[in-house]
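The values are calculated or read from the model by the stated rules, or taken from the named source; none is laboratory data. Predicted model only: the values in this text are computed from it and were never measured. Don't worry about glycine lacking a Cβ; one is built from the backbone with ideal geometry, like all the others, and counts go over all protein chains shown.
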Amino acid sequence: MAKRSKKKKKHARIKSDGPSMAETADRHVLYEAAVQCVEAEIDFVVQEFQNLRGRRARTLREDFCGTASTSCEWVRRHADNSATGVDLDSEVLQWGTENRVANLAPAARERITLIEGDVMRVETAPQDIVLAMNFSYFSFKERAQLRSYFRRTLGALIDDGVFFLDCYGGYDAFRELNEHTEHKGFTYVWDQASYNPVNGHTINHIHFRFDDGSRMKKAFSYDWRLWTLPEIREILMEAGFSRNTVYWQGWDEDEEEGSDEFEPVETADADAGWICYIAAVK
């Protein structure tokens with residue numbers, strides 16, 4: 001989900017004898033630039049684990065890890081941090097290995113493990129932290145299936161471990177619409193292509209448009225159920241977590257967009273679009 005830009009930028013096609021910007025662009029690099037801020041994400045996880053458990057976390061498992069950029073950031077933070085990334089997509093794991101893990105210092109590379117596997121079946125050593133970010137668990141469309149995943153996550157944590165996940169919503173989330181966010185050299189397009197109010201299923205795409213007028217259509221596509229925040233919190237409790245806390249994204253008045261600050265809340269405004277973190281403890 002993108003922060004909505006204040007205006008759309010028109011891209012007139014510029015004729016060139018060479019390949020277009022879309023043809024030479026790397027979709028993973030674009031995704032990381034437009035969607036992820038792993039430094040801020042790890043800042044939040046480090047601080048809130050300390051607040052919740054009174055100690056520093058050392059081990060982290062990143063479910064649906066994709067390029068493993070978050071896991072790489074984790075092992076950079078401290079010499080005894082270790083990370084395990086799990087994802088089903090062999091292509092994206094290979095890209096992450098070659099372009100992210102390979103760029104780590106040799107000692108840090110020894111402390112990261114990437115597993116091609118199903119988060120519903122993989123077995124790892126008990127972790128301080130399990131992450132499920134970028135709404136990837138929305139791929140579980142049935143309540144029983146999501147509850148089963150949460151139970152497996154509970155079992156993957158040590159006794160005082162914490163499960164961190166994110167969620168998005170707001171009344172615009174249920175609409176079919178496009179959001180455009182401008183970046184240097186390209187525009188990120190979040191395309192909510194369809195939503196079925198009967199079962200909550202939604203199809204979303206990410207497209208990229210470039211300054212030379214070329215486009216990368218459906219760089220990423222997602223077939224999800226749009227879970228509501230109360231549903232997620234209830235299912236976490238059904239799965240056996242003792243409690244969970246919602247952290248609401250703040251607002252940057254100068255930039256007119258969401259900030260990197262997230263605060264624990266019990267109530268929040270009924271905004272058109274919002275993003276939050278959830279921390280669930282055993």
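Structure notes:
- Conditions (1) closer than 23 Å to Y149 by Cα; (2) touching a Leu at 6+ places or on another chain (Cβ under 7 Å); (3) of a type in the set (S, T, N, Q); number of the one not met by T97: (1)
- Among the residues here, A108 does not qualify as modelled with pLDDT of 95 or more, surrounded by 23 or more Cβ atoms within 10 Å (Cβ to Cβ) and touching a helix residue (DSSP H, G or I) at 6+ places or on another chain (Cβ under 6 Å).
- Here E238 passes the criteria (1) acidic (D, E); (2) under 21 Å from the mean Cα position of the chain (by Cα); (3) within 24 Å of T153 (Cβ to Cβ) except the one numbered (2).
- The criterion of at least 1 residues that are β-branched (V, I, T) is met by the following helices (runs of 4 or more DSSP H) wholly inside segment 35-119: 38-53, 69-77, 90-99.
- Taking residues in segment 56-78 that are under 17 Å from Y31 (Cβ atoms), and partners anywhere that are modelled with pLDDT under 95 and not aromatic (F, W, Y), the pairs with Cβ atoms closer than 8 Å and at least 6 places apart or on different chains are S69/Q36; T70/Q36.
- Looking at segment 216-282, the strands (runs of 3 or more DSSP E) lying wholly inside it that each contain 2 or more residues that are closer than 26 Å to Y188 by Cα and of a type in the set (G, A, S) sit at 257-265.
- Selection count where residues are assigned to a helix (DSSP H, G or I) and either of a type outside the set (S, T, Y) or surrounded by 20 or more Cβ atoms within 10 Å (Cβ to Cβ) (or both), scope segment 150-173: 8
- Residue in segment 231-238 that is closer than 30 Å to I129 by Cβ, touching a Leu at 6+ places or on another chain (Cβ under 6 Å) and not acidic (D, E) present: yes
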